[in-house]
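Colleague: This is the structure I want to talk about, given as structure tokens.
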Amino acid sequence: MSAKPDTRLTLFLLLAPAVLWLGLLIVLPHVEILILSFSERVAPRVYVFGFGNYLEFFTEPLYWRTFARTAIMSILVTVLTLVLAFPIALYIARVAQGRLRAMLLLLCLLPFWVSELVRTLGWMMLLRETGVISYVLQATGLTGQRIEFLYNDGAVILGLVYGGLLFMIVPLANALESLEPAVVEAGFDLGGSRWTVLRRIVVPHAMPGIVAGSIIVFMLTVGNFATPVLLGGKNGLWFTEQIYAQFITRFNWPQGAAFGMLLLLLSSAIVWAGLRLTGQSLGTTLKQA
Amino acid sequence: MAQSTDLDLVSVVKRFGAHAAVNDVSFSVAPGEFFSILGPSGCGKTTLMRMIAGFENPTSGDIRIRDKSMIGVPANKRPVNMVFQSLALFPMMSVGENVAYGLTCRGVSRAEAEERANRMLERVGLKGFGERHVTALSGGQRQRVAIARCLVLEPTLVLLDEPLGALDLKLREHMKIELKQLQATFNTTFAYITHDQSEALVMSDRIAVMNQGGFEQVGSPRELYHHPATPFVASFVGETNRWQGDVAAASNGAISVRLPSGAVIQGRDHGQSQVVGKTALAFVRPEAIALAQETSALSGLPNRFEGRVSAVLFDGANSSLLIDTVGFDEPVRAVLPQAGQLAGIQVGEAIHMGWSADAVKVFSA
């Protein structure tokens, strides 16, 4: 490499903002959190190096149960989002044309013009005991008394799936759009049923999009805070709540840092497993997203 | 009972809104025949083929395969398989899986499908390619996979939608011969659509020339070339000189056409009677024009003209001359034999040309 000094300087200046951003806001805090997670408090204001914070996670059932619950619910939310998003993406990518396609994508985007908090509060207005759905059911005589739809797993899943849909639809629609119509027709022409064509041609073609969308939705879901707290209430039991509690309520930063690292490990491990299971590489998947 | 036809189209019409893409087309294809539909882009040939494959439904008319109406039968239930213009191989499958796909759709067991696919690959000269990825194949090999994928299903009819369009010239010439040989070996009925007249002429047993949604003429390549039924066929199939003029005289099959410049061409009418004074089109093939340095060498020919070479279009055996000729608006095109004395002729030289009355096809415009 014998780049001229001035081109090197240009390259350096161009990369500087990104490097600073990554270094100061992502790498440095994580290193700090990693170090923090290994410090144990032995006396007020006295900390020593140790694995106590991680041991605490495994010895206290509430913590690892919340952890497992978050992982399983997130996988469930991802799968549900995928199942719901697939037909929508298929319609947007293969049936809708021109303006209609743009309109549909805009329609998917529309809810994201308001903040997540406001969207979640909107769901609360619909679902709570004195909310719209309960009222309508009562008014039409379908039920004798008010029903509480909030503060259960169903409400949490509903909210999370709603928040994840767009992030699944966009990479899916991108992947499906690149499927040549003649390939689908050839699938039918050679005797394939709709199901065969979907299973052997459309889904394998969309695989990079499916994996990309699933990773994004899974990451967003695992790390979500507002939706499980607001829609799940005390029954939400999301792992991010535990981290929040350690940092803010209990002022136990080392414990919170350890939980944060565990969450990072968990999501990385599940994404890795997902990639291995579907035989996709991270490279092709990122291209799709 | 002997099968008389594999495919019958009866008055098929396809409208998109007010536009008739296919307008009242009827034809039959005999078993084992190589039938081509030749026409310019936008003439409706692709729509016609998609109706036979089952991707479009005719507005009216009937499509029958071995005497069974295909109206309402979906594409995946028809004994017809298609080789797509883009080939449309399945990129997510290996070569072997591509060929076995149709068999597994029919419920053939995986092992048997694989074995039959391998045997088919062997027959098309792709032995041992089963495990390869389709993107790792050359253009000609992909072509063969696309055909093998259809033939393995032993369809009544194989439809080919300009499958040679994407290949380079050398390979296209090679594939023309190969396709014809494959068709002969498997003795399957082929319906081939193309806008390339050379592909159609070389490969087909019969050709239908299509224009603006309708058939202009159906016949063997020789018939179309030597006895075109319409001016469109005369100008679309093969190279030709085309002149417009008025009928000057017509009697006993002999006909003369006067060009606007006053030059008169002696021709013969071909079944169509012409009325004196009416506008007419005269066609002469470049290879029907005899060239000579002396006018005496052409004394037996009724049409004799003199001109000056304006361009030499050298193309080996297909070389021709453009000759600026008094009385003609555009240069006359004539084949230049590379074996003759005139092979070395240069631009600007004077030349004599002549052709028989039989070589002139006259149509009323």
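Colleague: Heavy-atom accessible area of residue B:226 with all protein chains present, probe 1.4 Å, nearest 10 Å²?
Modeller: Residue B:226 has an accessible surface of roughly 100 Å² with all protein chains in place.
Colleague: Taking 24 Å as the cut-off for C-alpha to C-alpha distance, list the pairs among B:45/B:68; B:77/B:180; B:45/B:180; B:14/B:77; B:45/B:77 that go past it. Mind showing how you got there, number by number?
Modeller: Numbers: B:45/B:68 22 Å; B:77/B:180 27 Å; B:45/B:180 21 Å; B:14/B:77 21 Å; B:45/B:77 22 Å.
The pairs that break the limit, which is 24 Å between Cα atoms, are B:77/B:180.
Colleague: Using the Cα gyration tensor of segment B:35-117, with a ≥ b ≥ c the square roots of its eigenvalues, what is the shape: rounded (a/c below 1.5), prolate (a/b larger than b/c) or oblate (neither)?
Modeller: oblate
Colleague: Using a 7 Å offset from the Cα along the Cα-to-Cβ direction at both residue A:12 and residue A:100, what is the distance between the two label points in nm, to one decimal?
Modeller: Here the answer is 5.7 nm between the modelled labels.
Colleague: On to the next question. Residue A:163: net charge of surrounding residues, Cβ under 15 Å, Lys/Arg +1, Asp/Glu -1, itself excluded? Intermediate values should be presented prior to the final figure.
Modeller: Details: positive: A:119; negative: A:116.
Summing Lys and Arg as +1 and Asp and Glu as -1 gives 0.
Colleague: Moving on to the next point. Which residue, A:26, A:88, A:215, has the most motion in a Gaussian network model of chain A that connects Cα atoms within less than 10 Å?
Modeller: A:26
Colleague: Could you go through segment B:312-324 in sequence order and give the Karplus-derived ³J(HN,Hα) for each residue, using 6.51 cos²θ - 1.76 cosθ + 1.60 with θ = phi - 60°, rounded to whole Hz, and x for Gly and Pro?
Modeller: For segment B:312-324, the Karplus-derived couplings read 10, 9, 7, 8, x, 5, 9, 5, 8, 10, 9, 10, 6 Hz, x marking Gly and Pro.
Colleague: Can you tell me the convex hull volume per residue for chain B, based on C-alpha atoms, in Å³ to the nearest whole number?
Modeller: On the way: hull volume 64.9 nm³, N = 365.
Normalising the Cα hull of chain B by residue number yields 178 Å³.
Colleague: Could you name the lysines whose alpha carbon sits less than 26 Å from that of residue B:361, not counting residues in the same chain fewer than 8 places away?
Modeller: Partners within reach: B:278.
Colleague: Longest span of chain A, sites excluded, free of GluC sites (Glu not before Pro) in DSSP loop with at most 15 other C-beta atoms within 10 Å?
Modeller: Values: sites that count: A:129, A:148.
Result, exposed sites excluded: A:149-289.
Colleague: Further question on the same structure: With contacts defined as alpha carbon pairs under 8 Å and 6 or more residues apart, what's the relative contact order of segment A:54-288 in percent?
Modeller: Numbers: 253 pairs, mean separation 63.3, N = 235.
That works out to 27 percent.
Colleague: How big is D, in µm² s⁻¹, for the protein assembly as shown by Stokes-Einstein at 10 °C and 1.306 mPa s if Rh is the Kirkwood radius over C-alpha pairs? Display every interim value, and only then the final one.
Modeller: Values: Rh = 31.8 Å.
It comes out at roughly 50 µm²/s.
Colleague: Taking θ as phi - 60°, what are the ³J(HN,Hα) couplings along segment A:203-220 by the Karplus curve (6.51, -1.76, 1.60), each to the nearest whole Hz, with x for Gly and Pro?
Modeller: Values, residue by residue: 5, x, 5, 7, 3, x, x, 4, 5, 4, x, 5, 4, 4, 5, 4, 4, 4 Hz.
Colleague: Most mobile of B:141, B:197, B:341 per a Gaussian network model of chain B (Cα springs, under 10 Å)?
Modeller: B:341
Colleague: Then there is this: Among the aspartates and glutamates, which have Cα under 13 Å from the Cα of residue B:176 when same-chain residues fewer than 8 positions away are ignored?
Modeller: Partners found: B:162, B:168, B:196, B:199.
Colleague: Using every alpha carbon pair in segment B:33-187, what percent of pairs falls into each 10 Å bin from 0 up to the bin containing the largest distance?
Modeller: 10, 38, 36, 14, 1
Colleague: Name the residues whose placed amide hydrogens come within less than 5 Å of the amide hydrogen of residue A:150, ignoring near sequence neighbours (fewer than 5 apart) on the same chain.
Modeller: A:129
Colleague: Same structure, new question: For segment A:54-288, compute Rg over Rh where Rg is the Cα radius of gyration and Rh is the Kirkwood radius from the inverse mean 1/r over Cα pairs.
Modeller: Numbers: Rg = 20.6 Å, Rh = 19.9 Å.
Answer for segment A:54-288: 1.04.
Colleague: Looking only at segment B:7-234, where both bridge partners belong to it, what percent of the DSSP beta bridges are antiparallel (to the nearest 5)? Please report the intermediate quantities before stating the final value.
Modeller: Working: 21 of 39 bridges.
In segment B:7-234, approximately 55 percent of DSSP beta bridges are antiparallel ones.
Colleague: A further question on this structure: Which is farthest toward the positive dipole end of segment B:7-234 among B:229, B:121, B:47, measuring Cα position about the Cα centre, with Cβ charges +1 (Lys, Arg) and -1 (Asp, Glu)?
Modeller: Checking the options against the dipole of segment B:7-234, the answer is B:121.
Colleague: So, one more: With each label point set 7 Å from Cα along the Cα-Cβ vector, what nm distance links residue A:43 and residue B:326?
Modeller: Computed distance between label sites residue A:43 and residue B:326 equals 12.6 nm.
Colleague: Between residue B:227 and residue B:13, what length in nm is gained on full extension when 0.36 nm per residue of separation is reduced by their alpha carbon distance? List each step's numbers first, then the result.
Modeller: On the way: separation 214, 0.36 × 214 = 77.04 nm, distance 2.75 nm.
Here the answer is 74.3 nm.
Colleague: Quick check: net charge around residue B:244, other residues with Cβ under 11 Å of its Cβ, Lys/Arg +1 and Asp/Glu -1? Show your work: numbers first, answer last.
Modeller: Details: positive: B:242, B:258; negative: B:246, B:329, B:330.
Charge balance in the 11 Å sphere: -1.
Colleague: How high is the relative contact order of chain B, given as a whole-number percent (alpha carbon pairs under 8 Å, six or more residues apart)?
Modeller: Numbers: 771 pairs, mean separation 53.8, N = 365.
Reported as a whole number, the value is 15 percent.
Colleague: For residue B:254, what is the net charge nearby, where nearby means another residue's Cβ is under 13 Å from its Cβ and Lys, Arg count +1, Asp, Glu -1? Write down the numbers at each step before the final one.
Modeller: Values: positive: B:268; negative: B:269, B:358.
Computed value for this residue: -1.
The values are calculated or read from the model by the stated rules, or taken from the named source; none is laboratory data. Please read these numbers as outputs of a predicted model, since none were measured by experiment. Neighbour counts run over all protein chains shown; Cβ positions are idealised from the backbone, glycine included. What goes into the accessible areas is simple: the full protein's heavy atoms, side chains included, and nothing from ligands, DNA or RNA. Shrake-Rupley method; radii C 1.70, N 1.55, O 1.52, S 1.80 Å.
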